[in-house]
Every structure is written in C-alpha cells, then in structure tokens.
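Undergrad: Just passing along the structure, written as structure tokens.
The values are calculated or read from the model by the stated rules, or taken from the named source; none is laboratory data. The model shown is predicted, which means the values in this text are computed figures rather than measured ones. Here Cβ is always computed from backbone atoms with ideal geometry, including for glycine, and neighbour counts include all displayed protein chains.
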Amino acid sequence: MKFFIDTADLTEIKEAASWGALAGVTTNPTLYSRIGGTLANFPAHIEKICALSTGPVSAEVVGELRSDIIAEGRELAKIAPNVVVKVPTTIEGLAATRALADEGIPVNMTLCFTVPQAILAARSGARYISPFVGRFDDISEDGIEQLSLIVNAINNYDWTNVGVPGEQVEVIAASIRSVQHVTQAALVGADIATVPFSVLRKCVEHPLTTNGLSAFAADWEKVTKA
Ligand code: G3P
C-alpha cells in the first residue's frame, strides 16, 4: 500500500515528504479553506504542492455540471504534470471523467461510497477511486467493510486501457481518521491510503519504540568507553 498525505498544508507536505515514504498528496476544498486559502491563490498553491510532491497531487473541481468540471479539470491539469483532477462521483462527474480521461488527464473520483459507484467510476476512466472510510463510520456503517467490498470488486476485473492508456485504476482509502483505519486499509488491499498528517505521524510513533530507544540509550551509557 502506498501512502498519500491528505492535506493542503505545505509545511505538513514538506515534512512528510522528507520521511522518504510519501507517494502523493490529496486535497479538497475543505482542506484548502482550512489553511486560509484564497480563490486567486489556488492555482499557485497547487503548483507549490506539486513541486513538493514526488507523486500525484489531487486538486478538486468545484463545478457540478459536466461542462464546468471538464473546463476546470483542463485548467487544473495545466498547472503541473503531476496534477490529478479530483471529481465527485455523480452522473455529471462520470461524464466529465470520461471526457478528461480521453484527453489523457488522470482523474481521482471522490466521495465514492458503494461498489456500483466505484465500478462506474473505473468504467468511466478514473485513474483513482476514493472510498471515504470515516464518513461511513460517521453514519454508523462499517467504512472498512465498504472499502473491502470496493477493493474486491475492482480487483475482479482488468482495467487496462479503460482510462488513461497504460494505467490501471487504483483504490485510495480516504477519509482516514486513525491508525486502525490505516492497518485495516492495508489488510483489505487498498492500493493507497491518503492520511492526515497527525495520523501519519501516529503511524510511525509507538510508545514501545520510544521506550525501547530510551532503554537502549541508557544501557549504551553503561558500556565501558575504552
Ligand atoms: O480524502 C478525503 C478526506 O479529506 C475526507 O476526510 O475526515 O473530512 O471525512 P474527512
């Protein structure tokens, strides 16, 4: 499973990228508003993220009609070669995804919750599909179970050349809220987990690692220095 970071915060992206294990970045309008972003600065901000990221950077459209989504998607794709256009899983979004994929523009279909939505997203040429785990949990459903169903359904088929030629669709476990979500996403075979910075840090830090390190350091002090 690859790790993306789910944030629009440049400091978080820079720090996580320095750890050496980051494969990409996902953003959305909420994450951009959270860092105090402005409409005028949006393209420049995405460009900065693209420069920091070694992998794909999902930038989301806000239009809801296919014509608006396509137009926005084309503009976003011009920002940098690693931009992935994030499009909602709606009828208009499916139509726009097909048009963008046919132009060679990779799309991440977001706000995906069910197997039929995921299969239709892949069939429309999506490069990535993002099932939202935490938001399913929010309505007392099992988000990981739904993610697992989607991963299994997608893996039943070969998606070669359905979207951007030569590229296979990948499932991104999104709306990840905890280390347990990350563990379970890997166990059910998600291709990617996009993880908030705070959770990503918790994925590395463990009290037994910290305590073990302290014990090793203390014992090393007892070694005769000669
Ligand atoms: O990747 C999608 C994510 O940003 C949504 O997360 O926690 O707002 O459901 P959340």
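Undergrad: With in contact (Cβ under 8 Å) with a residue 12 or more places away in the chain and within 16 Å of the ligand (Cβ to nearest atom) as the only criterion, which of Gly104, Gly37 stands out? Reasoning before the result, please.
TA: On the way: Gly104 fails: within 16 Å of the ligand (Cβ to nearest atom).
The unique qualifying residue is Gly37.
Undergrad: Just to be sure, is Thr183 modelled with pLDDT of 95 or more and surrounded by fewer than 19 Cβ atoms within 10 Å (Cβ to Cβ)?
TA: Numbers: modelled with pLDDT of 95 or more: yes; surrounded by fewer than 19 Cβ atoms within 10 Å (Cβ to Cβ): yes.
Yes: the conditions hold for Thr183.
Undergrad: Go through the stretch 108-124 and give me each residue that's outside any loop (DSSP other than H, G, I, E, B) and within 16 Å of the ligand (Cβ to nearest atom). Walk me through how you get there before you give the answer.
TA: First, pick out the residues of the stretch 108-124 that are outside any loop (DSSP other than H, G, I, E, B): 108-112, 115-123.
Once the filter is applied, which keeps residues that are outside any loop (DSSP other than H, G, I, E, B) and within 16 Å of the ligand (Cβ to nearest atom), the stretch 108-124 yields Asn108, Met109, Thr110, Leu111, Cys112, Gln117, Ala118, Ala121.
Undergrad: Answer yes or no: is there a residue in the stretch 170-186 that is more than 16 Å from the ligand (Cβ to nearest atom), over 29 Å from Thr11 (Cα atoms) and within 17 Å of the chain's Cα centre (by Cα).
TA: Applying the first criterion (more than 16 Å from the ligand (Cβ to nearest atom)) to the stretch 170-186 yields 183, 186.
Right, trim to over 29 Å from Thr11 (Cα atoms) and you get none.
The answer is no; no qualifying residue exists.
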